[in-house]
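Read through the structure below, which is laid out as structure tokens, and then see the notes.
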């Protein structure tokens, strides 16, 4: 064999090797890339969820204003934990019920309570909400404000509080 034939065979072999490697690499790269359906995550509609949570907070405020403990309790899951201001954690709906009924019974006069959902983040099954509460007397004077964070979980098609923490803001001087 002449040097020219050996060179030609080597060149053909090299070209076939490069061609095979590039085809294999392209095939593997294609297989590792997610398809359009795999890469497209369904994003929750947080605007809609925020509206739903705000509606529940409006229900809650109306229940506070009407001293309706049963409606308030209906917003909690059985295994909820509430962490109130300056008090031990309340574990389970039974402990929360005692606290809600006691606070409803001791509230004197008419209070106009408002809850404002400021932010929600999460997904369509579990959402963290941050918000503020404003309590006013019948003349519209602010009695107190507080901030809160609540963890809502969708169970059996409805949002329920599973965790919450809240505390009063310092009184303005």
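Summary table
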quantity	calculated
Selection count where residues are surrounded by 15 or more Cβ atoms within 10 Å (Cβ to Cβ), under 18 Å from residue 146 (Cβ atoms) and without any contact (Cβ under 8 Å) to a residue 24 or more places away in the chain, scope segment 67-98	2
In segment 42-75, the residues that are in contact with a strand residue (DSSP E or B) (Cβ under 8 Å, 6 or more places away or on another chain) and closer than 18 Å to residue 126 by Cβ	44, 46, 49, 50, 52, 53, 54, 56, 57, 75
Residue in segment 123-143 that is farthest from the chain's Cα centre (by Cα), counting only those that are closer than 21 Å to residue 155 by Cα and crowded, with 16+ Cβ neighbours inside 10 Å	129
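Laboratory data are not the source of any read-out in this text; all were calculated from the coordinates shown. As the structure is a computational prediction, the values presented were derived from the model and not from experiment. We place every Cβ from the backbone using ideal geometry, glycine too, and count neighbours over all the protein chains shown.
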